[in-house]
Amino acid sequence: DLLRLVLHTAPDGRPHCRTIVFRGFHKGCTKYSDCAMTFITDSRTEKIADLKANRHAELCCWISGANTQFRIAGEMSVLKATDNDSDPQDEKIRAEFWERLPRHTTAFCTGGDPGKPLNSQEEGGGEQKEPEAASKGQQGHVPSSSSVELSSSDVAPHKNFAVLVLEPTYVDQLRLGGNQARWKYTLVSEEAEGGGGPHWKTEKCVP
């Protein structure tokens, strides 16, 4: 199953939280490390504006099988379509995600602007029905009459399709239950240690 996480950003000093789906660790280009975590989203969502104001983000997840909570902090990069020339490596990552994901997963790109009120006349009027829970692997898309069905032949990523890449710089691991323990991992820069390259510093702490 895909790991579900909470994205936390704090523009203007006000934190915003939302649940997102972890899409795996980044592999394959030199711009991001192998620890970089990836997610997909609609570039019109509020989280994009939040990250533009403040790239610092923190993820929180609970691994029930291990009875362990992880808090992972770092800087988030937004890979989306732009009017200007974008980074070729970012475009390659977007294209690879778009190519391998099924179209029902990326259908959220074609609906109305996320978060805006539904037009009751457009939706047929009357009482609005509660949206059904998103099926496994979906982004939580609520269909509307403005949606456009995506074809498997759509090779280029949709203009609203964005990939988020989190570069972790701090991890807090807390194990609960009968054998409680806590570790903190901090990414130390090469300059801070006088050479030797960036590496992770580990501290065992009181739970």
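The values are calculated or read from the model by the stated rules, or taken from the named source; none is laboratory data. Owing to the predicted nature of the structure, the values given are computational and were not obtained by experimental measurement. Virtual Cβ from ideal backbone geometry, glycine too; neighbours counted across all protein chains shown. What goes into the accessible areas is simple: the full protein's heavy atoms, side chains included, and nothing from ligands, DNA or RNA. Shrake-Rupley method; radii C 1.70, N 1.55, O 1.52, S 1.80 Å.
Between LYS27 and LYS52, what is 0.36 nm times their sequence separation minus the Cα-Cα distance? Round to one decimal in nm.
Contour length minus Cα-Cα distance gives 6.6 nm.
Over region 1-124, average the accessible area per residue using a 1.4 Å probe and give it in Å², no decimals.
That works out to 57 Å² per residue.
Checking the table LYS31/LYS201; LYS27/LYS116; LYS31/LYS116; LYS92/LYS204; LYS47/LYS92; LYS159/LYS201 against a 32 Å threshold on Cα-Cα, which pairs fail?
Listed pairs above 32 Å: LYS27/LYS116; LYS31/LYS116; LYS92/LYS204; LYS159/LYS201.
First select every other residue whose beta carbon is under 13 angstrom from the beta carbon of PRO11; then total the charges, Lys and Arg +1, Asp and Glu -1.
Once positives and negatives cancel, what remains is +1.
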